Amino acid sequence: MTRSTTATEAFEPEHAARLARDLAEKGAIRSPEWRRVFARVPRHLFVSSFVVRTSEGTVAYDEQTPGRLETIYSDATLITRFSADGLAISSSTEPSLMALMLEHLRLQDGMKVLEVGTGTGYNAALLSERLCSALVTSIDVDGALVDRARGALEAAGYRPALAAVDGARGYPNNAPYQRILATCGLGRIPVSWLDQLDEGGLILANVGLGMALLRKGSDGHARGRLLPEAAGFMRLRSSSAPGVPTVSEVLSVTGGGPERVRVVEKVAGLDDHASSEFLLSLLLPYGLRVVQHRQEGQVHGVLDGASGSWMRVEVDHQGRTTVSERGDRHLWAAYTALLSDWEEAGRPEIGRYGLTITPAGEHHLWLDHPQNTNTPLDQAETTG
């Protein structure tokens, strides 16, 4: 039986074994190989001070906090670093999501893996334990994080290749890879990743609010479905990608004067926030929607960080909708076209959608099969 953790309690192998057992009982771990890996890798070596978000707020832990090991070896995301303005920028993701992604990779002995987003190094340790350190490359834009992860990995007995580089560029030095795993959120899959992936290789990445599992074909295209599970990792920090607006920026910009205003009847699908948010995240990979609940109804403010275009959608309690827009991209027409297709298809779940990425980096969204009518996401805008 696992003892209650105190500030002075030392790590015991049972901590990791219990975590592996819990993940298997949840169905996140489905194979004996990954259960063995999670039972062997000491997660506590990769985190010292961290913050956990709970329904009551946040709880901060350091090496003297009672219950620290119990928390580390639970299915919790451990936030390890914040930006100057208080945004979480590094964490050790909840183990059940890690396990789910690792299982979907379908790793085989001898495969080379590129991990984008080193973070604490814990996931690189799991990969190194499953394969071997020589087959694992992990990159992160933050050199300080990479240095800390290297120290933790060495303390745990692993020596994968680590590099402090822009994750959007991949790492050609050790290419080609049979698997590329992104433990960060993306707006679009970088072309460099396709270039560095072997034919038949898999990419698993959080695109928008979906988890895309894509296989590279002989034609250089990567195709695959979105997993049924939605996810939202911390964004990839890259000099080559536009920034995503903050909540305050959305509220400030969308409160301005519009160039175009229209009044429309109730829009089908707009009330389904989870699905409409998923579609919007694919349409506007560098956009953000903020919903305000007011006495007269809801106000949806959407700002595209790539183009600077925005829309404000005001919906009263009768469904009457006033749309105000500004900018070169006509966001409302593109957004409602996606919503209309989704509504006509019977409001399909996320897992029925898929993506095709061309060698030029164009992203196409399709339903059920790649040959079905698809939407070119990077051109999904009209002047209507």
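Read-outs: derived from the displayed coordinates by stated rules, not from any lab. Since the model is a prediction, treat every value here as computed from it, not as a measurement. When we count neighbours, we look across all protein chains shown, and the Cβ atoms used for this are built from the backbone with ideal geometry, even at glycine.
On the given criteria, is Pro348 free of Cβ contacts under 8 Å to residues at least 24 places away in the same chain, assigned to a loop (DSSP other than H, G, I, E, B) and closer than 29 Å to Asp368 by Cβ? When the stated conditions are applied, Pro348 passes them.
Scanning the stretch 204-225 for residues that are in a strand (DSSP E or B) and without any contact (Cβ under 8 Å) to a residue 24 or more places away in the chain, which turns out surrounded by the fewest Cβ atoms within 10 Å (Cβ to Cβ)? Give the derivation first.
Within the stretch 204-225, the subset in a strand (DSSP E or B) is 204-207, 210-216, 222-225.
Okay, now just the ones that are also without any contact (Cβ under 8 Å) to a residue 24 or more places away in the chain, so 215-216.
Details: Arg215: 14, Lys216: 25.
Top of the filtered list is Arg215.
State yes or no: is Ser324 surrounded by fewer than 18 Cβ atoms within 10 Å (Cβ to Cβ) and not in a loop (DSSP other than H, G, I, E, B)? No, not satisfied. Restricting Leu45, Leu107, Leu100 to those that are within 23 Å of Leu127 (Cβ to Cβ) and out of contact with any helix residue (DSSP H, G or I) (no Cβ under 7 Å at 6 or more places or on another chain) reduces the list to Leu100.
Inspect all residues belonging to the stretch 95-109 and state whether any of them is part of a helix (DSSP H, G or I), of a type in the set (S, T, N, Q), within 18 Å of the chain's Cα centre (by Cα) and surrounded by fewer than 23 Cβ atoms within 10 Å (Cβ to Cβ). Outline the logic, then answer.
First, pick out the residues of the stretch 95-109 that are part of a helix (DSSP H, G or I): 95-104.
Remaining after also requiring of a type in the set (S, T, N, Q): 96.
Retained after the next criterion (residues that are within 18 Å of the chain's Cα centre (by Cα)): 96.
From the residues that got through so far, the ones that are surrounded by fewer than 23 Cβ atoms within 10 Å (Cβ to Cβ) too are 96.
Yes; the residues of the stretch 95-109 include at least one that is part of a helix (DSSP H, G or I), of a type in the set (S, T, N, Q), within 18 Å of the chain's Cα centre (by Cα) and surrounded by fewer than 23 Cβ atoms within 10 Å (Cβ to Cβ).
Of all residues in the stretch 150-169, those that are in contact with a strand residue (DSSP E or B) (Cβ under 7 Å, 6 or more places away or on another chain) and within 19 Å of Arg235 (Cα to Cα) total 4.
Among the residues making up the stretch 239-252, those that are surrounded by fewer than 18 Cβ atoms within 10 Å (Cβ to Cβ) and more than 18 Å from Met311 (Cβ to Cβ) are Ser239, Ser240, Gly243.
Tell me which residues, restricted to the stretch 60-84, are assigned to a loop (DSSP other than H, G, I, E, B) and either aromatic (Phe, Trp, Tyr) or touching a residue at least 60 places away in the same chain (Cβ under 8 Å) (or both). Step through it out loud before you land on a result.
If we filter the stretch 60-84 for residues that are assigned to a loop (DSSP other than H, G, I, E, B), which is where we start, we get 62-67, 73-77, 83-84.
Across the stretch 60-84, the qualifying residues are Pro66, Gly67, Tyr73.
So, of the residues in the stretch 258-284 that are farther than 27 Å from Gly210 by Cβ and in contact with an Asp or Glu (Cβ under 6 Å, 6 or more places away or on another chain), which turns out to be surrounded by the fewest Cβ atoms within 10 Å (Cβ to Cβ)?
The initial filter retains those residues of the stretch 258-284 that are farther than 27 Å from Gly210 by Cβ, namely 258-265.
Keeping just the survivors that are in contact with an Asp or Glu (Cβ under 6 Å, 6 or more places away or on another chain) gives 258, 260.
On the way: Pro258: 16, Arg260: 12.
Ranking the candidates gives Arg260 first.
Counting just the residues of the stretch 165-190 that are in a helix (DSSP H, G or I) and over 18 Å from the mean Cα position of the chain (by Cα), which one comes out nearest to Asn123 (Cα to Cα)?
First pass over the stretch 165-190, keeping only residues in a helix (DSSP H, G or I): 167-169, 172-174.
Still in the list and also over 18 Å from the mean Cα position of the chain (by Cα): 172-174.
Working: Pro172: 21, Asn173: 21, Asn174: 19 Å.
Filtering the stretch 165-190 for residues that are in a helix (DSSP H, G or I) and over 18 Å from the mean Cα position of the chain (by Cα), the one nearest to Asn123 (Cα to Cα) comes out as Asn174.
Name every residue in the stretch 8-34 that is under 20 Å from Leu69 (Cβ atoms), surrounded by 15 or more Cβ atoms within 10 Å (Cβ to Cβ) and either acidic (Asp, Glu) or touching a Leu at 6+ places or on another chain (Cβ under 8 Å) (or both), in order of residue number. Within the stretch 8-34, Glu9, Phe11, His15, Asp22 qualify. The residues listed here are Gly255, Gly287; of these, the one that is surrounded by fewer than 21 Cβ atoms within 10 Å (Cβ to Cβ) and touching a Gly at 6+ places or on another chain (Cβ under 9 Å) is Gly255.
Considered as a group, the residues in the stretch 35-50 that are in contact (Cβ under 8 Å) with a residue 40 or more places away in the chain and hydrophobic (A, V, I, L, M, F, W, C) include one that is surrounded by the fewest Cβ atoms within 10 Å (Cβ to Cβ), and that residue is Leu45.
Within the stretch 141-155, residues that are buried (at least 20 other Cβ atoms within 10 Å of the Cβ) have Cβ atoms under 9 Å from residues that are among the basic types (Lys, Arg) and not in a helix (DSSP H, G or I) in these pairs: Val141/Arg237; Leu145/Arg81; Leu153/Arg159, counting only partners at least 6 apart in sequence or on another chain.
One residue stands out in the stretch 110-139 among those that are of a type in the set (Gly, Ala, Ser) and surrounded by fewer than 24 Cβ atoms within 10 Å (Cβ to Cβ): the one that is nearest to Gly224 (Cα to Cα), namely Gly110.
Looking at the stretch 206-218, is at least one residue under 15 Å from the mean Cα position of the chain (by Cα) and hydroxyl-bearing (Ser, Thr, Tyr)? So far as the stretch 206-218 goes, no, none of its residues is under 15 Å from the mean Cα position of the chain (by Cα) and hydroxyl-bearing (Ser, Thr, Tyr). In this structure, Ala306 qualifies as within 25 Å of Gly256 (Cβ to Cβ), touching a residue at least 24 places away in the same chain (Cβ under 8 Å), surrounded by fewer than 20 Cβ atoms within 10 Å (Cβ to Cβ) and out of contact with any Asp or Glu (no Cβ under 7 Å at 6 or more places or on another chain).
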